[in-house]
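What follows is calculated from the coordinates using simple rules that are stated; it is not laboratory data. Because the structure is predicted, anything quoted here is derived from the model rather than measured. For neighbour counting, all protein chains shown are included, and Cβ atoms are generated from backbone atoms with ideal geometry for every residue, glycine included.
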Amino acid sequence: MVLKIWNLLKKKGGNVVLIEGKKCYVRTFQEKDARSLTGLVSRNKYFWSTYEPLNRPDYYTVDTQYKKIQESLYLMGTQREFTFGIYELGTDYLIGHIAIYSVKRLPYSSGFVGYAMDEAYVGKGIVTEAVELVANFAFEEIGLHRIEAYVAPENRPSIRVLEKAGFQQEGLLRKLLYINGKWVDHYMYARLEK
């Protein structure tokens, strides 16, 4: 795992975290990533809408994604959220996104992880590695004790990702999220620091 860049940039006041794995690397978004993020969300609009709400048309514009990146940079500065792009190793091709968000300090010392992978890259173990990289960052660098995730019972691929990344199911949250016209149950998964 490459965290030296984070420590160096933290000292210089920079806003980039880069963590390299064996199949991918994750890097916090910068404003220059708005166009590639727009491409990612646009080409996966209907694929992702199975388990998350379909957004309004203006969501799929460069302007909206630029503003989302600016907001994520602000939240990273306050250490309440860290939003990363998932990139194919050896390239600058964006293939997914992942975030540690809703970070709470003591007495909780916790946060949530959420992620989405380009349909063309599903089933290759990349998102599992990205979850592991970001979870380790959250424990080692942010100092969290617990990371949680919500996942719909029907979303078997995402359940496999969480379980392979060391998360355990803790219970069912009934009718938790309103997705595309109906209330959907979600499992609560969590991983604790070692």
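Name the one entry in L144, L173, L192 that is within 24 Å of M76 (Cβ to Cβ) and more than 16 Å from the chain's Cα centre (by Cα). Outline the logic, then answer.
Details: L144 fails: more than 16 Å from the chain's Cα centre (by Cα); L173 fails: within 24 Å of M76 (Cβ to Cβ).
Result of the check over L144, L173, L192: L192.
Taking the stretch 149-181, which residues are surrounded by fewer than 18 Cβ atoms within 10 Å (Cβ to Cβ) and in a strand (DSSP E or B)?
Looking only at the stretch 149-181, we keep the residues that are surrounded by fewer than 18 Cβ atoms within 10 Å (Cβ to Cβ), and these are 153-154, 156-157, 160, 163-164, 166, 168-181.
Across the stretch 149-181, the qualifying residues are Q168, Q169, E170, G171, L172, L173, R174, K175, L176, L177, Y178, I179.
Applying the condition of being outside any helix (DSSP H, G or I) and in contact with a strand residue (DSSP E or B) (Cβ under 7 Å, 6 or more places away or on another chain) to the stretch 136-148 and asking which residue is farthest from R105 (Cα to Cα) yields E148.
E129 fulfils the conditions (1) touching a residue at least 24 places away in the same chain (Cβ under 8 Å); (2) loosely packed, with under 13 Cβ neighbours inside 10 Å; (3) of a type in the set (D, E) except for a single criterion, (2). Can you confirm whether the stretch 146-154 contains a residue that is in contact (Cβ under 8 Å) with a residue 60 or more places away in the chain, farther than 17 Å from G114 by Cα and not polar (S, T, N, Q)? No, there is no match, as no residue in the stretch 146-154 is in contact (Cβ under 8 Å) with a residue 60 or more places away in the chain, farther than 17 Å from G114 by Cα and not polar (S, T, N, Q). Entry remark, the stretch 100-121: residues being assigned to a loop (DSSP other than H, G, I, E, B) and surrounded by fewer than 17 Cβ atoms within 10 Å (Cβ to Cβ) number 5 in total.
Looking at the stretch 61-84 only, could you name the residues that are touching a helix residue (DSSP H, G or I) at 6+ places or on another chain (Cβ under 6 Å), more than 16 Å from F112 (Cβ to Cβ) and of a type outside the set (A, V, I, L, M)? Across the stretch 61-84, the qualifying residues are T64, Q65, Y66.
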